[in-house]
Amino acid sequence: MKKFKLTLGLLVIIFVALVIYQNRAYFFAKQALSLVLVPEKFQWTAPAIENVAYLGGCLIIGVLIAGYVGLVSKFRSMKNIKQLNKTILSQTDTIESLKAELETFKQNNSIEGSAINNDSLLPERESTLVENQDTNYNQEEVQQSVNLNKA
């Protein structure tokens with residue numbers, strides 16, 4: 001792949017050199033650029049230089065602008081990467097602390113070992129509403145739906 005890129009680059013340089021050589025009358029002709037602001041009041045004329053110098057100057061200015069834009073985007077992406085890495089670290093710490101907390105709950109057998117009283121999970125207000133309704137629902141079905149809504 002490196003040889004291919006090198007060969008392609010050399011072909012492009014040879015092609016550009018050939019175009020310049022075949023059109024050397026145009027590229028090496030001297031021209032002066034003039035700038036006119038507010039007609040007839042301010043006029044500035046640059047010294048006469050070859051057209052190839054103008055084209056080379058435009059090429060250099062374009063490369064500098066593209067390089068600046070590339071550097072700015074690289075620094076922005078590096079800043080975003082640092083911020084995202086900090087977020088990853090903080091979330092990893094949170095996950096580890098939650099895992100440790102879960103392990104303490106498992107060791108105390110507060111979740112798995114003891115029986116959970118379903119009446120204590122249902123708030124008193126909702127249990128009285130269920131008792132006062134005249135429906136065909138079992139108390140267990142209502143408590144399960146309430147427990148699912150809380151999760």
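Throughout, read-outs are computed from the coordinates displayed, never taken from laboratory work. Everything numeric here is computed off the predicted structure, so don't read it as measured data. Backbone-built Cβ (ideal geometry, glycine too); neighbour counts: all protein chains shown.
Listed values, structure above:
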| quantity | calculated |
| --- | --- |
| Mean Cβ count within 10 Å, highest first, over the residues of peptides 85-93, 50-58 | 50-58, 85-93 |
| Listed pairs Lys79/Lys106; Lys79/Lys99; Lys3/Lys86; Lys3/Lys74; Lys30/Lys74 exceeding 32 Å between Cα atoms | Lys79/Lys106; Lys3/Lys86; Lys30/Lys74 |
| Check: segment 1-113 dipole with +1 on Lys, Arg Cβ and -1 on Asp, Glu Cβ, in debye | 560 |
| Farthest positive-ward along segment 21-99 dipole, Cα basis, beta-carbon charges - from Ser97, Ala25, Val52 | Ser97 |
